[in-house]
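Below is one structure; the comments refer to it alone.
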Ligand SMILES: Nc1ncnc2c1ncn2[C@@H]1O[C@H](COP(=O)(O)OP(=O)(O)OP(=O)(O)O)[C@@H](O)[C@H]1O
Ligand SMILES: [Mg+2]
């Protein structure tokens, strides 16, 4: 079983079972004896869009370069399309050019002294592809990225976004088995990045090629991925579909790195398999069950994450017995499309993300509701 499915939320969210295309097993890599990747294992399904997401220095690029054959791991195994391309144990190390992958870098790495055509055709020409076939393929991939009218332009005449399109076209041209993309949009300005993100999404849909995408931008990972691997300090912190990672973070790190969350500390009042009720300050907070966690010990200390978008603010108390409290708005910051509140409630302070259609004033008494399914037990902070 490849997918780590925890039950799809909606029909659209359900994913096909995929054949494993890239398998990484216990991968370790170091620079001058200092570990950068500390024993990670994951699969990329055929046609899957998988992202490695994590803060700077967590080992994303190193992992990608090991798969591409540009960096030599210190331990572990990498298989592509069922064939082992690296194995420390069996002393296998297939050279990069025979791994049939294509890599797209942050710095587009297109050659300024060549035309757009020559840039895209380069890999095909090296392989001595017939001139007519080269022309046809280059035209086809340039059309995919909306750059066919620039085919004979010198590459120096292009904007950053256009250069990145040419770099993408070049990576598609040689019909790689998979694309490895390392922060391909991070050199672009914010507006262009959002635009290119949509373009990439379209290209992914059209080409259906397996993509392993490295980014430290959570929005990019959410928007472009079937699954996300959250990395931290050379290790995998959590793997899941974007919504799964967002809605059920397993640790404070994931809760903070993706989206925004309140982390509430409490002790368990009830001991039952269906979830836990925590005492948080003076509040009884019913939390969602967490299948992979032992039944909470009564009186044990636990942490719950509550995303700032999920508490509901009302002027009247709503229905339901659980998780309604009186509170007071202490701070309101109006940001346009969204409104950030800091609320005082029996559990302490709570950050809440609201919308301008209903505005509450600073000092106003409100009712706050945290749906029990939105209070998520997370791992105790280990380090
Ligand atoms: N060529 C190198 N020589 C020495 N140390 C390196 C080298 N490349 C990376 N490292 C170190 O390895 C660790 C992982 O680096 P890596 O480039 O894989 O991180 P990253 O997740 O891609 O970060 P970023 O988001 O900044 O690109 C870091 O501590 C980094 O300093
Ligand atoms: Mg990097």
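Restricting the range 56-69 to residues that are farther than 23 Å from residue 92 by Cβ and in contact with a strand residue (DSSP E or B) (Cβ under 7 Å, 6 or more places away or on another chain) leaves a set whose member that is nearest to ligand 2 (Cβ to nearest atom) is 60.
Regarding the range 70-88, can at least one residue be identified that is closer than 20 Å to residue 104 by Cβ, within 16 Å of ligand 2 (Cβ to nearest atom) and surrounded by fewer than 22 Cβ atoms within 10 Å (Cβ to Cβ)? Checked against the condition, which is being closer than 20 Å to residue 104 by Cβ, within 16 Å of ligand 2 (Cβ to nearest atom) and surrounded by fewer than 22 Cβ atoms within 10 Å (Cβ to Cβ), the range 70-88 yields at least one hit. When residues in the range 230-252 are screened for being out of contact with any strand residue (DSSP E or B) (no Cβ under 8 Å at 6 or more places or on another chain) and buried (at least 20 other Cβ atoms within 10 Å of the Cβ), 1 of them pass. Among the residues of the range 160-172, are any in the same structural domain as residue 59 (by TED's automatic domain parsing), within 22 Å of residue 121 (Cα to Cα) and free of Cβ contacts under 8 Å to residues at least 24 places away in the same chain? The answer is yes; a qualifying residue exists.
Of the residues making up the range 307-320, at least one is at pLDDT 85 or above, more than 26 Å from residue 228 (Cα to Cα), out of contact with any helix residue (DSSP H, G or I) (no Cβ under 6 Å at 6 or more places or on another chain) and surrounded by 15 or more Cβ atoms within 10 Å (Cβ to Cβ). If you check 77, 140, 118 for being out of contact with any helix residue (DSSP H, G or I) (no Cβ under 7 Å at 6 or more places or on another chain) and assigned to a strand (DSSP E or B), only one passes: 77.
Within the range 80-103, being in a strand (DSSP E or B), at pLDDT 95 or above and farther than 22 Å from residue 231 by Cα holds for 83, 84, 85, 87, 92, 93. Of the residues that make up the range 261-283, is at least one part of a loop (DSSP other than H, G, I, E, B) and buried (at least 22 other Cβ atoms within 10 Å of the Cβ)? No, the range 261-283 has no match at all. In this structure, residue 45 does not satisfy being on the phi > 0 side of the Ramachandran plot and not assigned by TED's automatic domain parsing to the domain that holds residue 258. Scanning the range 253-264 for residues that are touching a strand residue (DSSP E or B) at 6+ places or on another chain (Cβ under 6 Å) and at pLDDT below 95 turns up just one, 259.
The values are calculated or read from the model by the stated rules, or taken from the named source; none is laboratory data. All figures in this text were calculated on a predicted structure; none of them were measured in a lab. Because the Cβ atoms are built from the backbone with ideal geometry, glycine has one as well, and the counts that use them run over all protein chains shown.
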